[in-house]
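Report on the structure given below.
The values are calculated or read from the model by the stated rules, or taken from the named source; none is laboratory data. All figures in this text were calculated on a predicted structure; none of them were measured in a lab. Cβ placement follows ideal geometry from the backbone for every residue including glycine, while neighbour counts extend to all protein chains displayed. Heavy atoms of the whole protein, side chains included, go into the accessibility calculation; ligands, DNA and RNA do not. Shrake-Rupley method; radii C 1.70, N 1.55, O 1.52, S 1.80 Å.
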Amino acid sequence: MSLTNEQMIGMYANMKKIRMFEEQVAELFAAGKIPGFVHLYVGEEAVATGVCANLREDDYITSTHRGHGHLISKGGDIKLMMAELLGKKTGYCKGKGGSMHIADLDLGILGANGIVGGGPPLASGAALASQYQGKDLVTVCFFGDGAANQGTTHEAMNLATCWKLPVVFVNENNMYGISSCTLNSMCVADIADRAAAYDMPGVVVDGNDVVAVYEAASEALRQAREGEGPSLIECKTYRHKGHFEGDPCVYRNEEELQEWKAKDPVLRFEKKLLDMQVLAREKIDEIKDSIEKDLAKAVSFAEESPFPDPSEIIEDVYTP
Amino acid sequence: MANMSFAQALNDAHKLEMERDPNIYVAGEDVGVYGGIFGVTAGLLDQFTDKRVRDTPITESAIVGTAVGAAAAGLRPVIELMFVDFIGVAFDQLYNQAAKMKYMFGGKAKLPLVMRACCGAGIGAAAQHSQCLEAWFMHVPGLKVVMPSTPYDAKGLLISSIRDDNPVVFLEHKLLYGMEGEVPEEAYTIPLGQADIKREGQDVTVVATAQMVNLSLSVAEKLSGDGISAEVVDPRTLSPLDEETILESVRKTHRLVIVHEEVKFAGSGAEIAAMVAEKAFDYLDAPIIRVAAPFTPVPFSPTLEAEFIPNEDKIIQAVKTVTGNPNVA
Ligand SMILES: Cc1ncc(C[n+]2csc(CCOP(=O)(O)OP(=O)(O)O)c2C)c(N)n1
Ligand SMILES: [Mg+2]
């Protein structure tokens, strides 16, 4: 199960891509070019990266309102993402969905989600379809600590074990659901403990350590793929930004933020790869340059694309 | 009188009622430390402590359900659902439990609870954070449905809702939170089930709700220059519906346009139109026209969202059609 250098560099590049994408989105949002809400994944890059590095293109994921990192990690095209964020016709959802609803069914991405707890039942359902059709596909359900308290999440987990579905529930515990801290919203220290209630394995991992996430996911996904049933992985992490762009963050303090910034998953992995001499400075610059170029292309593609025509409003409500 | 925003007026209603009645508690996601996503519950935690202002986990079914149980057992919960779109997660507790309890129990239960939620499009919040769902609630016997359009109405109607012994769904259009107006500083009530004529007129009745009241008033002002006198009626409470005020207006103007932001198909306007057709058919000089959203989810892109939300041009067009007045461009 040990990772090759190439795989590690790939994971590093993916984390860096998410980070730079999100920083670009923050800038565009501040410039008034993105309507609605955007929830950024800065600080949590290791989770989606480590998990999705184990997935095949035809495996499924369900995402959340904080979905950009999941999408990028599952192979999402940043040009189409950016166009969608700007509400353009050329975006992933023809401008109809926006940040909270980006999806790419061709890549097994069953959508970001505006409803907290909306994803887990969908994940169990996608896993049911794979099991039913005898395909060796797995589904990963990303969900937050806040979503861990929704009934839908628990119902989906219970059904997943009852039916031994090939699904892995990946909890992104960033300690907050908007202003609600896990210290007040639940009475267990570890969400992973709740797995016992459904008789599925539950493990806690350092969500800012991409290799730890990769390894935990690798084992859980192997079990799921081989028909041994679902499991729960809790990744302890933190969001560096507010809940949404523009959040005054009155509910948490600067010290806590700095503590977590010191554990920045991207910098940490970068340092590790430098120390291990897997990566050289020049290679890092090369990765960064190449992402920068792709991002610039994505932004100009998005900005130059047309808005949907008002007449398109009635299209796509039903399948003819 | 004081000048306050719609959000401040709602905040004030909470504060005054909580000072008056110790059995009132507030609960919901981010209502305490954060003061509510739109600031409606700001300052309540400091004044009333976390016994009475409860930040909850993300757990709508339990937020609504505990309110129902607590109301049945003697408290007066005022809960915030944040976005009305989240009712799907909690609907059973509202429509099967809260709404039917009194009736099923032979009249014995009292359910004094208010569920507040924001609704409406206009900020690019997309399909799951922008809906107007008042018709869903109107369709349930046992629920009252309130939808204010001004700061003054917001405060008086919220106080009445809190004092009402029935479950009340209180819908706040999110574009209204910043709207300012004159509001009495003391507590006052506006009876539930009483419409308000926001502007008197002779030629056409425009029944509108929430943000659409403001658009309709602006249209009425413009039309007055073209010699058309539009009467704008705001039901304020959709259930119970003040049928008499609407009927009286239609008997005077002989024409009816209904404006709401919900999708037109099976929206609240369908009920109002049917009611008028049943009870004042002989007074109508033109078919009733509804101006409402198309039958689609709320789209994200600004060009599509603008197409979704009824606008002044569409209201003017409707008025022009029912009045047959060619002067109206
Ligand atoms: C059913 C529902 N309730 C509430 C919300 C509002 N809301 C959006 S994100 C969020 C917090 C989610 O917290 P968590 O699951 O921990 O995810 P995080 O934002 O931390 O990534 C809330 C309360 C929602 N979108 N859907
Ligand atoms: Mg969280």
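Quick check on A:Met186: is it under 20 Å from the mean Cα position of the chain (by Cα) and more than 8 Å from ligand 1 (Cβ to nearest atom)?
Numbers: under 20 Å from the mean Cα position of the chain (by Cα): no; more than 8 Å from ligand 1 (Cβ to nearest atom): yes.
Answer is no for this residue.
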(Q) Tell me which strands (runs of 3 or more DSSP E) are completely within segment A:115-215 and hold 1 or more residues being within 15 Å of ligand 2 (Cβ to nearest atom) and within 14 Å of another protein chain (Cβ to nearest Cβ), or say none if there are none. (A) A:139-144, A:167-173
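Could we say that A:Arg56 is charged (D, E, K, R), within 25 Å of A:Thr237 (Cβ to Cβ), open to solvent by 10 Å² or more (accessible area, probe 1.4 Å) and not in a helix (DSSP H, G or I) here?
Numbers: charged (D, E, K, R): yes; within 25 Å of A:Thr237 (Cβ to Cβ): yes; open to solvent by 10 Å² or more (accessible area, probe 1.4 Å): yes; not in a helix (DSSP H, G or I): yes.
Taking the combined requirement at face value, the residue satisfies it.
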Q) Of all residues in segment B:71-94 being surrounded by fewer than 21 Cβ atoms within 10 Å (Cβ to Cβ) and away from every other protein chain (no Cβ under 11 Å), which is farthest from ligand 2 (Cβ to nearest atom)? A) B:Gly74
Q | Candidates A:Asn173, A:Asn208, filtered to the one that is polar (S, T, N, Q), open to solvent by less than 40 Å² (accessible area, probe 1.4 Å) and touching a Cys at 6+ places or on another chain (Cβ under 7 Å) | A | A:Asn173
Q. So is B:Gly32 at pLDDT 95 or above and touching an Asp or Glu at 6+ places or on another chain (Cβ under 6 Å) or not?
A. yes
**Q.** Qualifying residues in segment A:246-274 (those that are among the charged types (D, E, K, R) and within 16 Å of ligand 2 (Cβ to nearest atom)) - the one nearest to A:Glu6 (Cα to Cα)
**A.** A:Glu256
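Could you say whether any residue in segment B:275-289 is touching a residue at least 60 places away in the same chain (Cβ under 8 Å), touching a strand residue (DSSP E or B) at 6+ places or on another chain (Cβ under 8 Å) and open to solvent by 10 Å² or more (accessible area, probe 1.4 Å)? Give the steps one after another, and end with the answer.
At the first step, the residues of segment B:275-289 found to be touching a residue at least 60 places away in the same chain (Cβ under 8 Å) are none.
No, because not a single residue in segment B:275-289 is touching a residue at least 60 places away in the same chain (Cβ under 8 Å), touching a strand residue (DSSP E or B) at 6+ places or on another chain (Cβ under 8 Å) and open to solvent by 10 Å² or more (accessible area, probe 1.4 Å).
Name the one entry in B:Tyr103, B:Tyr34 that is in contact with a Phe, Trp or Tyr (Cβ under 7 Å, 6 or more places away or on another chain) and farther than 30 Å from B:Val259 by Cβ.
B:Tyr34
Looking at segment B:297-310 only, could you name the residues that are of a type outside the set (Gly, Ala, Ser) and within 17 Å of A:Gly87 (Cα to Cα)? Can you show your working first?
Just the residues of segment B:297-310 that are of a type outside the set (Gly, Ala, Ser), to begin with: B:297-300, B:302-305, B:307-310.
Hits for segment B:297-310 are B:Pro297, B:Val298, B:Pro299, B:Phe300, B:Pro302, B:Thr303, B:Leu304, B:Glu305, B:Glu307, B:Phe308, B:Ile309.
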Q | Boolean, B:Val319 is assigned to a helix (DSSP H, G or I), over 22 Å from the mean Cα position of the chain (by Cα), away from chain A (no Cβ under 14 Å) and closer than 15 Å to B:Thr205 by Cβ | A | yes
Q.
Give me the residue from segment B:116-148 that is in contact with a Phe, Trp or Tyr (Cβ under 7 Å, 6 or more places away or on another chain) and not in a loop (DSSP other than H, G, I, E, B) and, out of that set, nearest to B:Pro299 (Cα to Cα).
A. B:Cys118
Q. Out of B:Val146, B:Val213, B:Val168, B:Val114, which single residue is farther than 30 Å from B:Glu19 by Cα and open to solvent by less than 20 Å² (accessible area, probe 1.4 Å)?
A. B:Val213
Q | Criterion (open to solvent by 50 Å² or more (accessible area, probe 1.4 Å), in contact with an Asp or Glu (Cβ under 7 Å, 6 or more places away or on another chain) and closer than 22 Å to B:Leu284 by Cα) met by exactly one of B:Glu200, B:Glu231, B:Glu244 | A | B:Glu200
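Would you point out which residue out of B:Ala42, B:Ala7, B:Ala70, B:Ala62 is assigned by TED's automatic domain parsing to the domain that holds B:Ser161, under 23 Å from B:His173 (Cβ atoms) and not in a loop (DSSP other than H, G, I, E, B)? Quick ask: steps written out before the conclusion?
Working: B:Ala42 fails: not in a loop (DSSP other than H, G, I, E, B); B:Ala70 fails: under 23 Å from B:His173 (Cβ atoms); B:Ala62 fails: under 23 Å from B:His173 (Cβ atoms).
Checking each option against the conditions leaves just B:Ala7.
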Q: Could you check, for segment A:248-255, whether at least one of its residues is open to solvent by less than 10 Å² (accessible area, probe 1.4 Å), out of contact with any Asp or Glu (no Cβ under 8 Å at 6 or more places or on another chain) and away from chain B (no Cβ under 14 Å)?
A: no
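Being within 16 Å of ligand 1 (Cβ to nearest atom) and more than 20 Å from A:Met81 (Cα to Cα) is the filter here, so list the residues in segment A:102-140 that pass it. Talk me through it step by step, then tell me what you get.
We begin by selecting, within segment A:102-140, every residue within 16 Å of ligand 1 (Cβ to nearest atom); these are A:102, A:111-123, A:140.
Scanning segment A:102-140 gives A:Val116, A:Gly117, A:Gly118, A:Pro120, A:Pro121, A:Leu122, A:Ala123, A:Val140.
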Q: Hey, can you tell me all the residues within segment B:75-97 that are more than 17 Å from A:Gly151 (Cβ to Cβ) and more than 14 Å from ligand 1 (Cβ to nearest atom)?
A: B:Leu75, B:Arg76, B:Pro77, B:Val78
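Let's see how each residue does on (1) among the charged types (D, E, K, R); (2) away from chain A (no Cβ under 14 Å); (3) more than 30 Å from A:Ile102 (Cβ to Cβ):
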position: B:Ala230; (1), (2), (3): no, yes, yes
position: B:Ser239; (1), (2), (3): no, yes, yes
position: B:Arg255; (1), (2), (3): yes, yes, yes
position: B:Glu262; (1), (2), (3): yes, yes, no
position: B:Arg290; (1), (2), (3): yes, yes, yes
position: B:Leu304; (1), (2), (3): no, no, no
